[in-house]
Each structure stands twice: as structure tokens, then as C-alpha cells.
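Structure record follows, encoded as C-alpha cells.
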């Protein structure tokens, strides 16, 4: 059977199909479960989305039982270390983000991950600290200040992070740094 | 592996590979050089960089100062140009009193240069202007009127202006002054919204790559520090006007910059080397290996290169366009392989190359029947796997489409866009290529499955697979779409083989077209569905904002505002009393950035307002709430109130005391911020997005109109859409089911007011009594088709690029590219339809815009009329227009009645405004537009409308004079209104939908009709061509096959028919003549040959008779001799008769598979016995069989051998060789006889020709006929005196028809 797959035209076709799956099929994104909990329509629960989530190591695992404070702490530590992974774990499927130097807008969690990565890559964190925690109508938020060094110049920013409960997870819905 | 080739070595010898490797070598040398340079620079002591950094900082500083100086110079030149205009000189000289030409001239120059221009007469009175006004600069104007050039920088809370005053001279006398105002800076974050271009600091900063600041009084350069370099700026009159400072370049920073640059160069070089090496290796080194090795090698090399590019962050690192911006698109696919649209494109191209280079396309000869020899169970198992994989891959395509929509900020369904945006086009192209490749793979899998388990089995397996697929929750691709896709592929597969076994599909172009067709069948419905899903998803996000006001965020906004106010007030003791401080603080705050209606106040200890700035339509409500906040309150008070419209207006206010610096004993002032979270408004009655974060999910971002409706206890409360009937209530089942859902949200399709909507209902508040419905109009089918047409356009573009690539490639290879008549006709018709469509679309846009302006102007005309009447009534009570005063509450009343804001200008100054803060703060120019003044005040027009700008934001303003009862002009009232872009877009959409729809129909009809037309036009010509070839081959019986045609083609057909008939007649006549000649010749030859033996026979018989009668004694001897001679001659006559019969007859052939070697051996054997010739027979290797009549071929060989034997005189050596060539068997006969003279060679195969004394000369003619009938060839090479070689070539296998 190995010989068959290896030497025949059919076998090579099957190989090509497997290549296609490896590169495209199984890892194509589907909506995360959180979005389904909100009642939005047309969201698959197929194996691919589960597989995707399992392949993104920093997403969907630690945040299941984390409270708001833990989430804020993770964000604070992640930004202070210039590491986006702790933050991306808690991103909602759609996040409003406004970072200095760019217009604000709603982005998917994937986009938010890469935008934040690019933002932190261009800046060296000097200090990040939340100073105020609050909650209104069950929506916790935190504000604070952050300093980054960019091209030798110090940049002081204000941070605002807001969460809401999606299923049993606290997820970030707003992240502003300017 | 093919024999005789060594993989990896032989390809190096080709020219192309050497050229490629040379290029790689050079690039590698450069890369090593860059690496070495980097290592060297990194190792150098930091002191070297310090000196360079100092030098660089100084250069930057001088450049920044020069930029300012250049700006001044340009302003001065502009002012001088204005002063030289004849109309200006004429007026200033007193030669004319008509100022209108001045306004025309100034207006043109000001608009084109983007500056403000003012003309002053010799008395210092402003006589003409255009553009932004500012600080009057009386001192500088005075200096200009005295003959000197002056300049200064004017500042307000919003912007900084460079003001240049230049005298106008005439005959050495100063007759006036020209003032040019050039905006230098605008306070952040208003810059991008209020300026059409970047400020000077931003421009210079961008050019130098370091932060630059221009500081003008009252701001000054702070205490010098190591981080900045500063120097003073002087005006044209050598007076200091301010300072410029640039961020100092540090040694480490410069070093990092330089090393970073080298790293970028290394990345680029490395990427280029990698790509070239990968392609060269795959294309050449793997050319001669087995298909499996080629596939695996391609996989490893190409994807290895892709991963390396990913790690190097290439090409996004150097391209840096929205194509590589994750804000536009980013997906998790492949762990970063699609982290932007550009990265996804690179990955898709890599996948495409893997397909093209690594997997050989199947052809008819490669489709083997090997599968039939394998066990059935194995075939079935592989078939199941193949079907499952195809369905899984199809889902992958659906997921990639979903990602394109959900992981991007692009709007795919907006029919207002004529064409897809470039990034959108790239994403769609990616999806098309993926779907096309999937179709090719699926096609191959389907072919294999059909071959193994036949159509029935394949259908059963496919049906089972689709059923299983359908059992998923909400599969990304619906079953009908999947079924249609599989069905289309099955039809193509079925049609791809015809009775003759040719597989037309498998040629390159048709294969690609079939793949694209299948991809369209799969992709377009999926895209359409996903666009609808995404619209719903966006609406849900918006709904979440509507029902869940972000109180924490608004508290943050207030706190941020308080912080800015505190900072601004606290920095200087004079700031507290500065009226502009509130505006300045607002301009820096998040409230300004986000566009909230807000009030910023500085209030003195006794409650006296010291500085105040309010903006937004909700300020009335906000003022009441904010005013209720005690001044000593520290914190935030939240009050909820419901104002007009449906959205609740939530007001947040806070106040903090700020100690007065430097006297802490004085009572503190208070800063208070009030923010109202409602609809952001600049002008009453409109809803522009000029001040807020432009990307928030708002109603304006939906291209399908959204209606927000609120219900209370199921009953209609209010709605943003007047078409919604107030009798509409929530359905009972919805009222019951909604609160029970977690979360309490539900989608419904319903008809409201006679129109279909998709409505999303969500419960607001904890009580559950209030329900908000967000309804989105159903998008008509025509609009959805317009969206899909844009995707089809990407297909067309792809095909066009592919076609161009093929043409260019062939031209470069020196091949001639020919387009068929159908191609030319199709291209011509495409252009003919496309050009007018483009013109129509352009005209449509202009027309719709003009109509919009027209309708807006009509509305403004009505509004200005009403307001002018109101003001005229008030003006009757004023002694003079200059004393006209209107109380603020009256202004508010007039504005409310009119439903719009208004301004009143007296002279050129703003006297009354319903939005005074916008003008006093400097956000808007308090001076009347110069062109409006010229048209209304000077020109006497009753109404004037023009488009004005706040930066890039356009709005329309109507002007009308206010005339009192006595006919005097009190002033000019202006009414601004927002250019309703959304209405314009909807108008354009409707127009475009019709045009696109018509074009789509025309295009479709053209695609159907053109091939038919082309076929109709070209078919007769093609048939004629085919018939001409047949005629060339001798088939003249074509009359019945001539095509029917009329016109010129018909005449051609008729002429062709006549020509053919004439040829046939001529041929018949020629044949007849030739036949007669041949028969005559044959008869002559026969007569000659017969006469030859008859003569000696007669003589012999006569001699015999005579000797008998004479009684000769030797009569017995004579008898013997004569009879022998006679018998010999009779034998000769018999041979002649036999040869004649042999040539003339048409023997019945018995064609069988023969061994050519055996036939030759038999022929040779005949001569071995009877002659002294030595035969060297050589048969090389295993010989393929040939299809021939054994006897006939043997006779041919015997003829040739006999000729050779006769040429050698019956002795010598004859070499006979039999060998195999590709598709042929070659038999050669070489003798060493006398050879054949050159003049004889052309006649060798002629029937009557012979060099021998006996025979008919038919031998070689018979041999040639035999070989020709076998489809072979016969050639003769001979040298006189050396010998002759006869070579026969006979096709192996079947005789071709």
C-alpha cells in the first residue's frame, strides 16, 4: 500500500490532497465558541475550529476560570514584558482597539493579536501599571498608564481595558492605548 | 529513474541555470559583505557614533529651520504674485471700485495654494479675502503699508498660522498690502480631521525621521536637555517668531538605525537568494527525477523557503502597505502564513507553484489501468478516503472565505464600491486560487474514484459523503452549493472524454478554465452567504453597544478630560483666566478624539465661568446636568436621561478643584467636564462623523440602512425610521421566547411597513420590559448580484493577466502568437461594451452628486428664507445693523424652528451664531466666505450656495441676504448643512445597480452570443480551410461538403467550388492523357520487348527451314541450337508478360505481424545458394514486429538484393542490416558494385526505367509501391565506383490509415 501511494499517479494525487489539508484545510479559522454563546448565527462547531484552538497554545485554555482581576493582571504583565500572548488569551472574538498612531476600530481576535504584536514590536516597554479598577453594570474595566521607548524617545500612554462575561470567560472587549 | 541521467548534476550545464546561479553568487557575495559590515559596525566603539549623532542632530535642526524659511519664502512669493495681478493694482490704484474681480482672482489663487489671502488698501481696510482668517496683525499690516515686509506667527487654541504681509507698490508708491496666511500646525488630535494635509512639523518629521516641533509664543522652548536640539526661528523681517526643536539623535540610536538598515538589506538579499535558489532547484534540478521525488523535493524546498521568509518578516518588512497591515486582514491560518493579505497571497502563490511544478498534470497516456489490478477492498478504501478529503478541503475553502470576511475590516458587500479595493481584490484572488486548486485536486480524485469503482459507486460514495457533511451544525458550505459544485465537476469529467479517447479537458488552457468555472460555482454562493452572515455579526456588535452603554468608558472619558484640564490650567497661573484653555484641554482629550458632546469649563472660586468650551448637539442636556454638579464634588456623577431619538443620552459629569500656582493660599479654581453619550452632532439636524473616532461601529458604517426601534412591554415606543408604523408590536411568541434565551437575543425575518427586514431583537436592562430591535433592510437580489459582479471582475482580471502572461512568455521565446477570429471578436466586443460603461458610471457619479447638491441647495434656500425673515423681523427693531443683537434663547428658538444651525454676518464679521463656540474657539472661521460676500453683498444675489471644508470634511452652506422692510441689507445669513454622504451613496448604489445589472446582462449575452457569432462567421472559413487541405491531398469531391454562406463568404465558397470543379476536370483530363500516354508507352515498350525476341526467333526458324531443305549434314546441331534459342526467347517473352502482370495487378494483401529479420534472412538465403556473393547479415537487438504482407515484402527485398548482386557482377560482399529506430524498423542493403550515376538517380523508381538490357524496369517501381503502401520510406545512396546503399524504413506496429 505504501508503494501504491508512493509510486502511482493516484498516490501522488492523494499526497497533493494531504498537502492541501496540511496547509489550508484543517487550520482554517472558524468562530470561537464564545461567539456562539452570544447567539450569533452561522457559526460552525466543526472539528476544524476545535483543532485550531488547540493549536494556538495561548488561547482558550487558561482563561476559562480566570476572574477579571486575573485578566487585568495578565494584560498588565504581558504589556510590561512586551509579550502579546498573555493578552491574546483573553481577547473576545471582536475587540475594539485604538492604539496610538492608528485609528480605532473593531477587529477580530486574530487581527487584534497581530496588531498588538506589531505595536509592541516597535516599542520597548518601560512601565505598565493599572491604577484604577472599576465596574459598571457588571462590566469591569481598568485604566492606567504605560511608558514605552520608541527610537530613543519616551512615549507615555493611557491604557483602558474593559471586559465582559462571555459564557464563563471574562474577555477583553475594549483595549485602548493612546 | 530514466537511464543515463544523474539527478542534480546535468541541469547545471544549461545556460539558464548558469545565469541563475551567477545571480545567486553575486547576491551571496553582497549578503556576506553586508553581514561583515554589520559585524564590523557593531564591534566599533560607541564613541564613533556619538560624533556622527551630533552631526546628524545639527543637520536635522538646520533642515527643520530651512523648511520654515522656505515656507516663508513661498508665502512672500505668493503675496508678490497676488500683488502683481492687474485687477488688484487697478483697484488699489483707485481706477475701479468693483471689488468682484479681486475676489475672483484671490479665490482662485487661495484655493489652488491652500492658503488664506487678504488684500488691504492703503488705509489698511480689508477689501478682499479668501480662505482662513486669523489674528489681524495690525502692526504687521502697518509695516507692510509703510513699505516693509513683515511676518509673524499667529496662534489660537486650534492652529498656528504663518502670516506674511507684503506691500503692493505702483510707481514706487505703496498702494496696499497683501497678507498671506499659511496654516503651519493644528492641535492634535484635530490634525487629521481639520487639515487636508499634514502640518509642517509632521511633514518635516516624516522626512527627517525624527520628532520635530515648532514652538510659537506663548509656548517656548523648555530648559534645554540632552534629548532635544533647538534654535530660534526668525521672520522675514528678522524678528524672532518662535523656536524649532528636533529630537537629538543619540549615538546608540544612530547605531541602531544604521545596523537596522543593514539588517533590512540583508533580509532583502537573503530573501531574493532564497527565492531564486528555490525556484531554480525545483525547476531544473528536479526535472529529471521521478515524479515522487520531484513532488517531495518541491514540497520541502518551496515551503522551507516560505517559512524562512515568514521568520524574516518578508516581504512585509519592506513593502509596508495596507496589503501587509494586520489591521486590514489577519488570519490564524498556518501559524502566520496569512497574518496579512499580502502574506496570504505569498502563501497561496507558493501553494500554486507546488501544484504546477511538483505535480505533473495527468494526461490521457498517464491514466493507467493499474487500479484495476489492485484488490477491490483497497480501491474502495482509497475511494472513501479521497471523497472524505475532498469534502474536508471544500470546507476549508469555506473557512478561508469566512476568514477573509471576519478577520478583516473591509466591507465586501457595499454596492457603492464600483470595484473591489486593491486589498479586497487580493483577498478575493486568494480565495479564487484556493478554490481553483481545490477543484483541480477534486477533479483528479473524482477521476480516480470513477475509474476504480465506476460512476455508480462514485455517486453512492459521494452522496453518503455529502449527507455526512450536511449533518454538521451549520456547515460553512451548504449542501445545495456543495452538490452543485460536485455535479458540475462530474459533468466536466464526463464531457472530457469523447469516443475517440481524446481528453480535451487536459490541455492547459481548458483545464484552467474548467478549474476557474468550478471555483466560481463553489465560491460565489459561499461568499454571498458569508457576506450576509457578516452583516448580521456586525449588527450584533452594534446592538451590544446600544443596549450596553459602556459606563466605565464614559467615566474614563470624564476622568481623562478632568486630567487634561487640570494639567493645562495648572501649568501657568494665567491659564485659569485664559478663555481658550478649555478648548485647548478639550482638543487634547479623549472626548475630542471620540467625538462626544461635551462641555469643558474652568470656573472661578465664586462660580464665575473663566473658560468654557461646549460642542455637540447634546450640550443643552449636558449643560443642565453638568450645572447641577456641585463644584466641590470630587468624582463622577452619572445621570441617565432619555432625550430625543431612540438612543438614550447618558450624561456624565465630574469636577475637581485645581490650586492656583504659585499661590496656594488663594481659593482653587474648579474644572468641570460634562460628557453626553448620545448621537454626536456638529450641526443641528445632521450627524456627521467629523469629530469622532471614525472606525467605531456606527450606523454610518452599515451600507444597508439600519433602523433602531424601541419597544416597551411589547408596544412600539419610538423608531429612527418614520416608515415603521407606530401600530407595529412585538410578536407574542417573541415576547415570550426572548427573555428566556441566554443571552436574550434573537433574529427574525419579518415584513414591516410593507418592506422585508432582518431584525435583531435584544432585551435592554434587567427588567426585561424594554426591547430594542435593530432592523436591517433585506438587500435586494440586484444589489447582491452587483456585489458578485465585482468578484467576477476579479476573475476576469485574473484571466486577462494569465492571457497576457502567456502572450509575453511566447513572444519572449520567439514564438508567434496568433489569436483566433473568435478571440479577436470577443476582445473587441468586450472593449466596445466596457468603454461606454465606464463613461456611464463616471457620468452617473457626477450626475448624482450634482443632483444631491441641487436638492441640498433647494433645502437650504427654504431654510435661509425662513431664518432671514425671522431675523429681518428682529432687525426692524435695531437702530443699525451694527447694533443688531439677538438673545441666545431667541437664537436657539430660531434655530430649533428651522431645525438647523445658522449664522448671521454683518459686513464680513460673524455677529450671531447658534453655535458660537465653534467660531470663538477658532474651529470654524468667523469671517464670511469671500466668494459668498462677493456674490451676495457685492453681486446682489438673493441666494448663493457653495461647498466649504473643514479639513477633509465637506459641507454645504447656503447664503441669503437679510433685507429689512426698507430694502436695506441688514446682513447675510448662512445655513450650513452636512452633505448627506449616505444618501449620495444610496443614490449611487441604485444607479450603479442598474448599470451593473444591465452590463452584467450585456456581458452574459455577449459571452453567449460572441462564440455563436464567431462560430457563424468563422465556421465557413474553417470549413473552407479544411476542404482546401483535402483538395491538396487530392480529394476533389467536396461540393456536398461546402458550407452554406452568403455575402462575401458565400462568394468565396462559390469561387472555391468553381475552382475545385475546374481542378477536377483538369485532373481528369490530365489523368486521361497520362493514362493514354502511359498505355502508349507501355504498349511501345511491350511491342519493343516482344519484337526483340521475335526477331531472333524468326531468323532461327528461317535458318532451320533452309538447312532442312538444303539437307545440311549438321542439321541436328543446327536444330538443337535453333530450338534452344527459340525456347530461351519464349522464356524471355514469358518473363516480360509476368512482370507486366505483376506491375499492373492489385494483389490481395494479407497483412500480418511479421518479423522483419526473418523476412530478410529468407530473402538473403535465396541468393546465398545461387551466387558467389558473400552476405553479411546483421540484425541489431530485439526487433519490433511490423504489419505487412510477408511475400510482398520478401519480393521487395529480393528485388533489391538482386539489383545489388547484378551490380557486383555476381560476386563480392553485400551487407544487410536490420535495426530498430524509434517507431521504425530499418533495413539497409549495401553493395560494392558499380554505383549509380547522379543523372540516373532521379529515375530509379520510375516504372519504365531500367539500366539493364532485360526486364521491364519495373522492379524498383514495384518495391517503392510496396514500401509506400506500408507507410514506409525508401532511399538510395550511391557513389559511382564504390557501391550503393538502399535503406528501407517501415513503421513498427500498425499501418497508419
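Please treat every number below as a calculation from the coordinates, not as lab data. Keep in mind the model is a prediction, meaning the values are calculated, not measured. Backbone-built Cβ (ideal geometry, glycine too); neighbour counts: all protein chains shown.
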Practice prompt. Let me have the relative contact order for segment A:68-177, percent, based on Cα pairs under 8 Å that are six or more residues apart.
Written response: 26 percent
Worksheet, complete the sentence: Computed on Cα atoms, the radius of gyration and Dmax of segment B:71-244 in angstrom are 17.2, 60
Practice prompt. Divide the volume of the convex hull of the Cα atoms of segment B:1161-1226 by its number of residues and quote the answer in cubic angstrom per residue.
Written response: 85 Å³
Worksheet item: For residue B:1168 and residue B:1075, what does the FRET efficiency come to when R0 = 41 Å and r is the distance between their Cβ atoms, rounded to the nearest 0.05?
Response: 0.45
Worksheet entry | Per-residue Cβ neighbour rank within 10 angstrom, fewest leading, B:120, A:133, B:329 | A:133, B:120, B:329
Practice prompt. Could you run the Debye sum over the Cα atoms of segment B:1053-1135, one equal point scatterer each and no solvent, and tell me log10 of I(q)/I(0) at q = 0.22 Å⁻¹, two decimals?
Written response: -0.96
Response to the item:
Assertion target for B:929, B:340, ordered by fewest C-beta neighbours within 10 angstrom first, is B:929, B:340
Practice prompt. Can you check how the C-alpha radius of gyration of segment B:39-153 compares to 2.2 N^0.38 Å, as a plain ratio?
Written response: 1.67
Practice prompt. Could you give me the radius of gyration and the Dmax of segment B:846-978, taking only the C-alpha atoms into account and expressing both in angstrom?
Written response: 14.2, 47
Worksheet, complete the sentence: Proxy exposure order for B:712, B:672 (fewest C-beta within 10 Å first) is B:712, B:672
Worksheet entry | With eigenvalues of the C-alpha gyration tensor scaled by 5 and rooted, segment A:68-177, Å | 22, 15, 12
Worksheet item: Using Cα pairs under 8 angstrom and six or more residues apart, how large is the relative contact order of segment B:54-166, in percent?
Response: 19 percent
